[in-house]
Amino acid sequence: MAPAFSKPVDNSNASNPRFRAPIPLYPSPVETPTHPQTFKVKVRLDPDDASSKYDKTYTCYDPKDAETFCHMRRTFEEYVEHRPLTTTTSMFQGMSQFLCGEAKDNWNTIAEGKDKNSKDDFEQALNELAIRIMGKSGKRDQMRFMNKNLGKPKDMTVGDLFNRMQIMQKDYIYLTGKGEVLDDDKLKQLLVDALPAGFRAAMDNSGFEWEERTLEEVRDHLQAIERGQNAWSTVQPRRNEDRSQRNKQSNHDRPHRAEGQAPSGKDKCGFCKKPGHTEDKCFKKKNKENAKKKGNERVDAMQHVDSDDDLIEELDEACGSDSEN
């Protein structure tokens, strides 16, 4: 897997410092040959107890990038402590045994001109080997990378991020050249900057002054925020799921409505076809019936008088009858 937040290491250009990637946030697996060179030695489980020796097998290193070189340096220091190697001469020999391939050839060439009894010469030889692997500006390149690209991957917890950054802090001393000091204050700043903006907002809202706290206190507070976010992200989907389940159950419990039937709790008029009332209470039907009734009454009245002449004749007959009397 290629290192995250940095270009994959291209070993074909390892001799060109411009192609050497810095230590990534995600550690890339140390490339091991199909048939790696190994050696077995007796080491002490307790460096101060000569009777605690046991056999341990080490894999030889041929580092091509800063990350693998730093991994080699950490493993070699463990080897020196538990072997133990107490003289500078044994350290020169031990490093030659620890390396293979191009790195071993470079080490042997560098060691030829050094005083095997001088610890300063041994440290200088290690620095020259590092320059051949990562160039002269390892510290500056690493700090530039962290200031610009460092960010927490989604699947990395705050605790894992903190542990990885502490390893990067320890490895920083093995890098070449001069650069900004990677102390706890700087690591604390990098840790906060690497997290999503929500973490800083949560600290500000709670009044947590992270600049004045220790690195471990900041880590603990960020982990508490993370636990709260994880709890909410677990509860919220569950709430949505429960709400959806309740809605489904509510719909299931409702009586089935036939096609054309009004919604539950509302009657539908058979006359105007509108919901909310029955046909016997339909004002539209009543208005139509009243209008029809009034029309019928007018027709009945007119049936007694066929014309104006009939009306006059009826009046004359009434008047004649009165005069005879």
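Scalar couplings 3J(HN,Hα) for region 209-219, obtained by applying the Karplus form with A = 6.51, B = -1.76, C = 1.60 to θ = phi - 60°, are 8, 5, 5, 9, 9, 6, 4, 5, 5, 5, 4 Hz; x denotes Gly and Pro.
Here's how it looks for Tyr61: its modeled amide H is under 5 Å from those of Leu99, Cys100, which are all 5 or more places away or on a different chain.
Sequence-distant contacts, meaning Cα pairs under 8 Å at least 6 residues apart, place the relative contact order of region 77-167 at 20 percent.
Lys136: which lysines have alpha carbons under 25 Å from its alpha carbon, excluding same-chain residues fewer than 8 sequence positions away? Hits, sequence-local ones excluded: Lys7, Lys64, Lys104, Lys114, Lys116, Lys119, Lys148, Lys170, Lys178, Lys186. The length gained by stretching the chain between Asp115 and Asp220 to full extension, at 0.36 nm per residue less their Cα-Cα distance, is 33.0 nm. Under 24 Å of direct C-alpha separation, and excluding same-chain neighbours fewer than eight residues apart, Lys286 reaches these lysines: Lys266, Lys268, Lys273, Lys274, Lys294. For region 154-220, applying the loop criterion from DSSP together with a ceiling of 10 other beta carbons within 10 Å to the GluC sites (Glu not before Pro) yields Glu209. Couplings for region 48-57, taken from phi via the Karplus curve 6.51 cos²θ - 1.76 cosθ + 1.60 with θ = phi - 60°, read 8, 10, 5, 8, 9, 6, 8, 7, 9, 9 Hz in order; Gly and Pro are left as x. Across region 32-168, Cα-Cα pairs farther apart than 20 Å form 56% of the total.
Annotation: peptides 129-135, 40-46, 50-56, 191-197, ranked by per-residue average of other Cβ atoms within 10 Å with the highest first, follow the order 129-135, 191-197, 40-46, 50-56. With all protein chains in place and ligands, DNA and RNA left out, the 1.4 Å accessible area ranks Asp155, Asp184 as Asp155, Asp184, largest first. Expressed per residue, the C-alpha convex hull volume of region 94-208 stands at 139 Å³. Computed over the alpha-carbon atoms, region 155-225 gives an Rg to Rh ratio of 1.00, Rh here being the Kirkwood radius from the mean inverse distance.
The values are calculated or read from the model by the stated rules, or taken from the named source; none is laboratory data. From a predicted model like this one, the values you see are computed outputs, not experimental measurements. Virtual Cβ from ideal backbone geometry, glycine too; neighbours counted across all protein chains shown. Ligands, DNA and RNA are stripped out before the accessible areas are found, and what is left, the full protein with its side chains, is counted by its heavy atoms. Shrake-Rupley method; radii C 1.70, N 1.55, O 1.52, S 1.80 Å.
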